[in-house]
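These notes concern the structure reproduced below.
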Amino acid sequence: MGIEKRKSKRTDVDVTISLRKLDDKYVSGYSGDTIDVNVINISKDGIAFKSEYEFKLNTYHDTVITLDNKESFETVIEIIRMENMGELETTYGCRFVGINSEDRFKIEVYQILYESNQNKTE
């Protein structure tokens, strides 16, 4: 196990979001269809997810994230990491691009509620 380099706390989450790739040719256009992915964890700075779809590094995707507590927000993510250990799905690490402070707060509240519920079940 390596040294943790992330500056924000990650919280496990089991939700599905849809991503839509931002088109490089058009400033406000979209390219392709939406793609559903399974989110593994979330922090105020980004998300990690698994997908069978092959995403490319350093690409940007528009998404709407809805948390278990029904709070939702729109953001753009950038694919910054990918890892596949011979599995069907690849794990991707993403950072939020241009997320506002209100949406970061929604994630922090979700993390507090999630940890509180986890402690009750232990």
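Express in nm, to one decimal, how much length is gained between THR34 and VAL76 on full extension, taking 0.36 nm for each residue of separation and deducting their alpha carbon distance. Show your work: numbers first, answer last.
Details: separation 42, 0.36 × 42 = 15.12 nm, distance 1.36 nm.
Using 0.36 nm per residue and subtracting the Cα-Cα distance, I get 13.8 nm.
Step through the residues of the stretch 96-103 one at a time and calculate ³J(HN,Hα) from phi using the Karplus curve (6.51 cos²θ - 1.76 cosθ + 1.60, θ = phi - 60°), rounding each to whole Hz and writing x for Gly and Pro.
Whole-Hz 3J(HN,Hα) from phi for the stretch 96-103: 6, 10, x, 6, 8, 5, 5, 6.
Name all residues of the stretch 60-96 having a backbone nitrogen under 11 Å from the label point set 7 Å from the Cα of LYS50 along its Cα→Cβ direction, giving them as ranges.
So the set is 85, 87-92.
Structure shown: which of LYS56/LYS106; LYS70/LYS106; LYS50/LYS120; LYS21/LYS56 lie over 20 Å apart, alpha-carbon to alpha-carbon?
The answer is LYS56/LYS106; LYS50/LYS120.
Every read-out reported here was derived from the displayed coordinates using simple, explicitly stated rules and does not represent laboratory data. What you see is a predicted model; the values in this text were computed from it and never measured. Every residue, glycine as well, gets a Cβ built from its backbone with ideal geometry; the counts of neighbours run over all protein chains shown.
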